[in-house]
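Enquirer: First the structure, then my questions, so here it is.
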Amino acid sequence: MHSYSLLAPAKINLYLEIIGDRPDGYHELVMIMQSIGLCDRIDITASSQDIIRVRCDVPDLPTDQGNLAYRAAELMTQKFPEAFAQYGGVDITIHKKIPIAAGLAGGSSNAAAVLVGIDLLWDLGLTRSELEELGAVLGSDIPFCIGGGTAIATGRGEKIAPLPGLDNIYIVLAKYRSLEVSTPWAYKTYRQKFESTYLRDTNSLAQRAAAVHSGPMVQAIVGHNAAEIAQKLHNDLEKVVLPAYPRVLQLRETFANAGVLGTMMSGSGPSVFAVCESRQQAEEVKLQVLHRISDEDLQLFVVKSVKHGIHVTSQS
Ligand code: C5P
């Protein structure tokens with residue numbers, strides 16, 4: 001095979017708790033991640049030249065080292081020089097649907113697709129955990145994006161334990177096109193405000209992660225109970241992002257007033273999502289929000305939770 005098309009789903013955080021600091025400057029987290037059916041398409045083709053080339057249908061996205069997908073390909077050439085010498089470079093085309101810098105792991109999912117695609121293209125036969133290990137070098141969310149579905153993520157987000165997959169949960173997703181929140185800023189601000197609450201010793205951190213694993217959100221997921229899941233949504237980063245970004249707060253309140261099962265910001269924002277009872281309710285909520293916040297900058301999507309991460313749709 002010399003060409004693969006892959007779908008790279010976005011994720012939302014059903015749960016994000018910051019439990020401590022790390023010597024590497026990151027934070028210890030307990031997150032529950034969920035893939036959603038809003039996907040970018042990544043085409044990867046073997047190139048006749050020994051170079052990595054990235055193209056994208058969105059002009060403001062970098063196509064060099066500034067793009068995680070490029071860095072993922074570069075990492076593969078460094079880790080597998082013999083395969084690179086044998087098979088040559090790669091042409092990568094990114095067809096964007098996932099909003100950029102939105103807290104939806106769009107860039108991470110693109111990079112995950114590149115790792116999976118090059119593994120196939122170069123016939124490397126890497127295992128899921130080997131791919132996750134490579135992904136963790138590039139970004140905390142990439143290991144989850146590889147397998148996707150529903151999972152609990154600990155450490156800095158790179159340690160993944162799968163949970164029973166949630167499908168057919170309807171979600172409305174909202175993002176202002178021009179609004180971006182810097183993830184490093186969100187975590188730094190959180191540290192400044194809440195450092196005194198951080199757990200310090202390894203035992204307490206492990207106990208907190210275990211408590212979430214056996215806690216009410218995971219039970220709601222095991223029971224596939226959308227209403228319960230929606231009641232237990234949690235994101236510590238809301239404590240710093242909502243006060244600083246009134247438009248995100250307004251979205252959150254507009255969803256809550258539209259009678260959804262539950263609403264929360266995803267990751268470091270600025271995307272906000274709402275869990276709905278049905279596709280019909282999700283479509284109605286979308287229209288209601290568009291009516292109440294009449295702003296052309298606002299994008300809304302009705303999506304479903306999905307049970308998979310990166311997957312191949314065609315090969316040639
Ligand atoms: O790993 P990733 O590049 O996605 O992280 C982006 C930024 O988010 C990091 O530079 C760091 O500031 C913050 N972060 C953190 N703790 C984590 C994950 C991310 O402080 N566990």
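Enquirer: Compute the distance in nm between two label points, each set 7 Å from the Cα along the Cα-to-Cβ direction, one at GLU82 and one at VAL58.
Expert: Placing both labels 7 Å beyond Cα along the Cβ direction yields 3.9 nm.
Enquirer: Separation between the THR313 and GLN49 pseudo-spin-labels, each 7 Å from Cα along Cα→Cβ, expressed in nm?
Expert: Going by the 7 Å Cα→Cβ label model, 2.8 nm.
Enquirer: On to the next question. Defining a contact as two alpha carbons under 8 Å apart and six or more residues distant in sequence, what relative contact order in percent does the stretch 17-137 show?
Expert: Once divided by the residue count of the stretch 17-137, the mean separation gives 29 percent.
Enquirer: Please build a GNM for the chain, connecting alpha carbons under 10 Å apart, and tell me which residue among HIS234, HIS213, HIS291 fluctuates the most.
Expert: HIS291
Enquirer: List LYS286, LYS79, LYS11 from most exposed to least, where exposure is judged by having the fewest other Cβ atoms within 10 Å.
Expert: LYS79, LYS286, LYS11
Enquirer: Report the residue, chosen from LEU61, LEU173, LEU121, that carries the largest GNM mean-square fluctuation when the chain is represented by alpha-carbon nodes joined by springs under 10 Å.
Expert: In this elastic network of the chain, the residue with the biggest mean-square fluctuation among LEU61, LEU173, LEU121 is LEU61.
Enquirer: Let me ask another. Of LYS232/LYS304; LYS97/LYS232; LYS96/LYS304; LYS96/LYS286; LYS188/LYS307, which sit over 26 Å apart, Cα to Cα?
Expert: Result: LYS97/LYS232; LYS188/LYS307 exceed 26 Å.
Enquirer: Please figure out what share of the DSSP beta bridges in the chain is antiparallel and state it in percent, rounded to the nearest 5. Before the final figure, lay out the partial values.
Expert: Working: 52 of 59 bridges.
Among the beta bridges of the chain, antiparallel pairing accounts for roughly 90 percent.
Enquirer: Can you give me the C-alpha center-to-center distance between the stretch 84-157 and the stretch 228-286, rounded to a whole angstrom?
Expert: If you average the Cα positions of each part, the centres end up 27 Å apart.
Enquirer: Starting from 0.36 nm per residue, how many nanometres of slack lie between ASP24 and ALA227 once their C-alpha separation is accounted for?
Expert: 69.3 nm is the gain from fully extending ASP24 to ALA227.
Enquirer: Cβ under 12 Å from SER3's Cβ, SER3 left aside: what net charge do those residues give with Lys, Arg +1 and Asp, Glu -1?
Expert: -2
Enquirer: Relative to the Cα centre, what is the charge dipole magnitude of the stretch 132-231, using +1 at the beta carbon of each Lys and Arg, -1 at the beta carbon of each Asp and Glu, and rounding to the nearest 20 debye?
Expert: The calculation lands at about 400 debye.
Enquirer: Points 7 angstrom from Cα along the Cβ direction at THR202 and TRP185: gap in nanometres?
Expert: Distance between label points: 3.7 nm.
Enquirer: Quick check on packing: order 40-47, 14-21, 28-35, 3-10 by the mean number of other C-beta atoms within 10 Å, highest mean leading.
Expert: Highest to lowest by the protection proxy: 28-35, 3-10, 14-21, 40-47.
Each reported figure results from applying straightforward, stated rules to the coordinates on display, with no laboratory input. Bear in mind that the values here come from a model prediction, so they are computed numbers and not experimental data. Cβ: placed from backbone, ideal geometry, glycine included. Neighbour counts: every protein chain shown.
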